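The structure appears right after this line, and notes come after that.
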Amino acid sequence: MFLTTAKEMWDTLKVIYSNEKNSSRVFEIYEHLFKLKQGDRSVTEFYGELKCLIDGLEMHQPAITDAATLRGYRQDLAVSKFLFGLSPTLRSQM
């Protein structure tokens, strides 16, 4: 992909990094959150990774007071949990 103008570059970056309905990235963050465990790491390392994931989620789904947007976030969470809970066979087909 070759971008020849600054506008094309900004438009492309907006699509890639937009917070508007980036559902695949939100799902990816939720998936990591659902799997996250301390394991052999120190509490500090575990908390650092958790904080990083939460910060990423906040970037894509910032805190809001609008009820409709909040419902949308909850629906995204429900869909993410459903997809994450599917058998590995079905998940590999997505």
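The values are calculated or read from the model by the stated rules, or taken from the named source; none is laboratory data. All of these numbers come straight from a predicted model, not from anything done at the bench. Methodologically, a virtual Cβ is constructed for each residue, glycine included, from the backbone with ideal geometry; neighbour enumeration extends over all protein chains shown.
May I ask you to list the residues in the stretch 81-94 that are modelled with pLDDT of 75 or more and either in a loop (DSSP other than H, G, I, E, B) or among the β-branched types (Val, Ile, Thr) (or both)?
Once the filter is applied, which keeps residues that are modelled with pLDDT of 75 or more and either in a loop (DSSP other than H, G, I, E, B) or among the β-branched types (Val, Ile, Thr) (or both), the stretch 81-94 yields 86, 87, 89.
Would you confirm, using the coordinates I've provided, whether residue 4 is modelled with pLDDT under 85, of a type in the set (Ser, Thr, Tyr) and outside any helix (DSSP H, G or I)?
For residue 4, the condition - modelled with pLDDT under 85, of a type in the set (Ser, Thr, Tyr) and outside any helix (DSSP H, G or I) - is met.
Please identify the pairs in which a residue from the stretch 68-84 that is closer than 15 Å to residue 24 by Cβ has its Cβ atom under 6 Å from the Cβ atom of a residue that is of a type in the set (A, V, I, L, M), counting only partners at least 6 apart or on another chain.
Short answer, once both residue conditions are applied: 76/26.
Taking the criterion of being of a type in the set (Asp, Glu) and under 17 Å from the mean Cα position of the chain (by Cα), would at least one residue in the stretch 51-62 satisfy it?
Start the filter on the stretch 51-62 by keeping residues that are of a type in the set (Asp, Glu), which leaves 55, 58.
If we keep only those that are under 17 Å from the mean Cα position of the chain (by Cα) too, we end up with 55, 58.
Checking the stretch 51-62: at least one residue is of a type in the set (Asp, Glu) and under 17 Å from the mean Cα position of the chain (by Cα).
In this structure, does residue 78 turn out to be part of a helix (DSSP H, G or I), small (Gly, Ala, Ser) and at pLDDT 85 or above?
In short, no.
Tell me which residues, restricted to the stretch 53-69, are charged (D, E, K, R) and part of a helix (DSSP H, G or I).
Correct list: 55, 58.
Mind counting the residues in the stretch 7-38 that are part of a loop (DSSP other than H, G, I, E, B), surrounded by 10 or more Cβ atoms within 10 Å (Cβ to Cβ) and at pLDDT 75 or above?
The total comes to 2.
Considering every residue within the stretch 39-50, establish whether at least one is closer than 19 Å to residue 73 by Cβ and either modelled with pLDDT of 90 or more or assigned to a helix (DSSP H, G or I) (or both).
yes
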